[in-house]
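Chemist: Dropping the structure in here first, questions after.
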Amino acid sequence: MAFTSGQWEKEKRSQKRKIIIDDYSVCHYCKSTGLGNEKYCPNCKFPQGGEQEEMFRFINEVKKKKYLLSDLKRQISFLRIIFIIVAIEYFIYGYPFIAYSSIQSSTNVAIIFFFISITYILLGIYSFVHYYYSFKIGVILYLILHIISVTYFLIFTEAIIVNFISIIFFILFVSIFTIGYRRSREYKNLEAELKLIKTKKAY
């Protein structure tokens, strides 16, 4: 049967998209060697012995995961601003105590607040290296500091001054830390998965 020019172009495009495997002992995707007659690569699960459609579906799924990884990285970069916000928050808390620096206890409180502020700045810097651990430490430390504050007021003042704005900010900051922690955990797992399927092995 003779091809028309349009059919011939379509056939050429189809041929270009075909995945041709010459050596079935080497995985087409991760290049692992020593494969037998398995349908799927034991390392990356590429359907070496499957249909063309199945092979392209695998490649497209990997592309989607790479896109998701980039999207998670953008989200984490945006959420990282929480470290600076909390650092500023504790700096503002500590600044008024400088006015009473003649009182030793006030000086100590100011030093504690400034130390916490610096700690969050360092956590923000550390988040460029390890997203996961910085958000985890950040949220745990933030919760501990507020538990200590509430305990202090209960012991020494026998009352807690309810400030709804502070409560809203507390919930907001904890939520941002938690989202950052979850996103960084997703990023960590997905990055490990993509790295694993791209690392060739010998079988």
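Chemist: Out of all the residues in the range 48-57, which are surrounded by fewer than 20 Cβ atoms within 10 Å (Cβ to Cβ) and either under 32 Å from the mean Cα position of the chain (by Cα) or closer than 16 Å to residue 199 by Cα (or both)?
Modeler: Residues satisfying the conditions are 53, 54, 55, 56, 57.
Chemist: Does at least one position in the range 114-122 carry a residue that is at pLDDT below 85, buried (at least 16 other Cβ atoms within 10 Å of the Cβ) and farther than 23 Å from residue 180 by Cα?
Modeler: Looking through the range 114-122, none of the residues is at pLDDT below 85, buried (at least 16 other Cβ atoms within 10 Å of the Cβ) and farther than 23 Å from residue 180 by Cα.
Chemist: Does the range 17-46 hold any residues that are more than 22 Å from residue 194 (Cβ to Cβ), without any contact (Cβ under 8 Å) to a residue 24 or more places away in the chain and hydroxyl-bearing (Ser, Thr, Tyr), and which are they?
Modeler: Within the range 17-46, just 25 meets the criteria.
Chemist: Scan the range 47-83 residue by residue and report those that are free of Cβ contacts under 8 Å to residues at least 12 places away in the same chain and either over 21 Å from residue 27 (Cα atoms) or acidic (Asp, Glu) (or both).
Modeler: Residues satisfying the conditions are 51, 53, 54, 61, 67, 70, 71, 74, 77, 78, 81.
Chemist: Moving on to the next point. Which numbered condition trips up residue 101, out of (1) surrounded by fewer than 12 Cβ atoms within 10 Å (Cβ to Cβ); (2) polar (S, T, N, Q); (3) touching a helix residue (DSSP H, G or I) at 6+ places or on another chain (Cβ under 8 Å); (4) at pLDDT 75 or above?
Modeler: Against the list (1) surrounded by fewer than 12 Cβ atoms within 10 Å (Cβ to Cβ); (2) polar (S, T, N, Q); (3) touching a helix residue (DSSP H, G or I) at 6+ places or on another chain (Cβ under 8 Å); (4) at pLDDT 75 or above, residue 101 comes up short only on (4).
Chemist: Could we say that residue 128 is part of a helix (DSSP H, G or I) and modelled with pLDDT of 85 or more here?
Modeler: no
The values are calculated or read from the model by the stated rules, or taken from the named source; none is laboratory data. None of these values were measured; they are calculated from a predicted model. As a convention, Cβ positions derive from the backbone with ideal geometry for all residues, glycine included, and neighbour counts pool all protein chains shown.
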